[in-house]
Every structure is written in structure tokens, then in C-alpha cells.
Amino acid sequence: MAREKSGVMADRLKARPYLLLALLLVVADQLTKLWALSVFEPYEVLPVLPVFNLTLVFNPGAAFSFLSDAGGWQRTFFIVLSSLISIGLVVWLMRLRSGERLTGIALGMILGGALGNLIDRVRLGKVVDFLDFYWREWHWPAFNVADSAITVGVVIMLLASWTQADRK
């Protein structure tokens, strides 16, 4: 029994840096969203670069406004889905082997992003977006720090899976 407890503690300690990364991303995400909410009116645009604006928009749906006009049920759906995914990511982090550092970083980033957007959904019923990249008349959908963390985390996860596959 004592050996099992020490194994669980070792797993938690291994996950600690990745959980800290997730926490830092949640804080950065929420602070930048609070800043955007305090500085901008909805849909106000501040040109920053010839290809980048700051603007305040809200997304009640998921990525690329998926289900944004679904009538309201999507809020509960995405809160439950994000919660379950976040729990799964924490469990995965706790079960990482010592050589899976890239995977841990990726999971920490995805977890931080998921929690950042989950906070918005619970608090506001929608996600705050404010980063707007564009080229001429084409605009990428506005996004935020949480979305960036999820995207970079997924890319790192793909890289980790390729590098780990090469080791087998």
C-alpha cells in the first residue's frame, strides 16, 4: 500500500510542471480577456499592423464559430465537453512516463487553453476573442490566448507522436 501511495505521489510530481504551465496559460488568457473587455466596445477595431487588428468579439460556439447560432443549448454542451476533456487531460498528465516531456508540454498547453475558454463559457456564456489576423479582405476568425495555446499544444502533440514513433 505504501508503495502504491509513493507511486501516485511521484506521478503527481511529474505532472506538476505541466499543470503549472496550464495554470500560467489560464492566468495569461483571463488577464488578456479582461484587458480586452475593459478597453474595447464590442466589434470596435484597433488596427495594429497591416495584417493584424485588436477587436472585441464573442463566440458562443466552438472553433470557427461552430454551433454559434444553435439557440443556446450549445453553452451547456460545450461546458460539459470542456470539463470532461480537461479531466481527461489531467488524468493523462498524471500517467505520463518520464520520457514524454513534449507530450506533457502539449497536454499542459491544451489543458490551459481548454480551461481558459471554459471559464468564459461559465462566466459569460460565450468566449471572448480579440486577436484578428487578416489579409486584404480575408479575416481569420478572431481568437484569443487560450485558442493559441490549444493550437500550439496540438502541433506539439503531433510532433511528439512522430518523434516517439521514431523511437519505437
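Enumerate the pairs (first residue in the range 131-148 and under 13 Å from A28 (Cβ atoms); second residue anywhere and outside any helix (DSSP H, G or I) and charged (D, E, K, R)) with beta-carbon separation below 9 Å, excluding pairs fewer than 6 apart on the same chain, so at least 6 apart or on different chains.
Correct list of pairs: N144/D129; D147/D129.
With the requirement that a residue be under 15 Å from L21 (Cα atoms) and either crowded, with 21+ Cβ neighbours inside 10 Å or β-branched (V, I, T) (or both), what does the range 132-150 give you?
Once the filter is applied, which keeps residues that are under 15 Å from L21 (Cα atoms) and either crowded, with 21+ Cβ neighbours inside 10 Å or β-branched (V, I, T) (or both), the range 132-150 yields V145, A146, A149, I150.
For the range 18-62, name all the residues that are under 14 Å from A142 (Cβ atoms) and of a type in the set (F, W, Y).
Residues satisfying the conditions are F40, Y43, F52, F58.
Report, by residue number, each residue of the range 111-152 that is among the charged types (D, E, K, R) and either in a loop (DSSP other than H, G, I, E, B) or over 13 Å from K33 (Cβ atoms) (or both).
Passing the criteria: K126, D132, R136, E137.
Could you run through the range 5-37 and say how many residues are among the small types (G, A, S), within 17 Å of L93 (Cα to Cα) and modelled with pLDDT of 85 or more?
2
The values are calculated or read from the model by the stated rules, or taken from the named source; none is laboratory data. All figures in this text were calculated on a predicted structure; none of them were measured in a lab. Reconstructed Cβ throughout: ideal geometry from the backbone, glycine too, with neighbour counts over all protein chains shown.
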